[in-house]
Every structure is written in C-alpha cells, then in structure tokens.
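Since every read-out is calculated from the coordinates, none of them should be taken as a lab result. It should be emphasised that the depicted structure is a prediction, and the values quoted were computed from it without experimental measurement. So basically every Cβ, Gly included, is an ideal-geometry build from the backbone, and we count neighbours across all protein chains shown.
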Amino acid sequence: MGYTQATLAARAGLAPAAISHFENGVRRPSAKNLERLADALSVSVDYLMDRDVSERTTKPQFQAVFRHMADMSDEALIDLQRFSERLAEVDRMKRESSDP
C-alpha cells in the first residue's frame, strides 16, 4: 500500500522495528499484532496470512461493513440480511438488463 515501516507502525500502534522484524521473517506477529496490522491496512487477518479468501471480501468497503456488523443486534443483522438480499437482486436485474 506504499506505507513506510514507520507509517505502518504508527497506524498499527507498533514499533517500527517490529514491522521490520515481521517483514524480514525475524519474528512472527502475535494474534493481537496481526489484528492491529489488518486494521491499519484495512484488510482481513486472513488476507495478511495469505489464506484463500475472495479478493472481493478484502476490499475496504467489505471490511467497513463487517466492522459495523460486529456492533449490531440480532434483529439489525436480520434486517441487514434482508436488505442486502434485495439490493443484490436489484443489482443483478440491472446488470442483466444492460447486457447486450
């Protein structure tokens, strides 16, 4: 993403030396530090660990939605699910109608 080690360290609340150690394989980040790095980079921990994750779900928009979802009640999550299903249906219909 073009961050210097110092900038990434500041964003993640870590020491610049820690970022250097992680990048050079001298040390492995703890689970907490992985979370901090993922938040600082607006990606998932799975993405940082190079796990098989859909590229689409690593977009910052997805990560923002996931963060908001974590604070929602069960009722709000059900509403969000219904809304997203309807929005996906409308989007699909728009794309199909614009296909040649």
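Around LEU37, under 15 Å between beta carbons, what's the net of Lys plus Arg minus Asp minus Glu among the other residues?
Cβ neighbours under 15 Å give a net charge of +1.
Pick from LEU80, LEU48, LEU37 the residue whose mean-square fluctuation is largest in a GNM of the chain, springs joining Cα atoms under 10 Å.
Highest fluctuation among the options: LEU80.
From the residues SER44, ALA64, LEU34, which one has its Cα farthest along the dipole of the chain in the positive direction, the dipole being from +1 and -1 charges on Cβ of Lys/Arg and Asp/Glu about the Cα centre?
Looking along the dipole axis, the top candidate is LEU34.
With no solvent and one equal point scatterer placed on each C-alpha of region 1-53, evaluate the Debye formula and give log10 I(q)/I(0) for q = 0.19 Å⁻¹, two decimals.
The computed values of log10 I(q)/I(0) come out as -0.58.
Could the peptides 26-35, 90-99 be put in order, highest first, of the mean number of other beta-carbon atoms found within 10 Å of their residues? Let's see the in-between values first.
Values: 26-35: 12.7, 90-99: 8.5.
Final packing ranking: 26-35, 90-99.
For every other residue with a beta carbon closer than 10 angstrom to the beta carbon of HIS21, add +1 if it is Lys or Arg and -1 if Asp or Glu, then tell me the sum. Don't jump to the answer; show the numbers that get you there.
Numbers: positive: ARG27, ARG28; negative: GLU23.
Computed value for this residue: +1.
Given the Cα-Cα distance of ALA64 and ASN24 and 0.36 nm per residue of separation, how much length would full extension add, in nm? If you can, show how the numbers build up before the last one.
On the way: separation 40, 0.36 × 40 = 14.40 nm, distance 2.96 nm.
Working it through step by step, the gained length comes to 11.4 nm.
Give me log10 I(q)/I(0) at q = 0.11, 0.18 Å⁻¹ for the chain, Debye formula, one equal scatterer per alpha-carbon, no solvent.
Each listed q corresponds, in turn, to -0.50, -0.92.
What percent does the relative contact order of the chain come to when contacts are Cα pairs within less than 8 Å and at least six residues apart? Please report the intermediate quantities before stating the final value.
Numbers: 53 pairs, mean separation 14.5, N = 100.
RCO, the chain: 15 percent.
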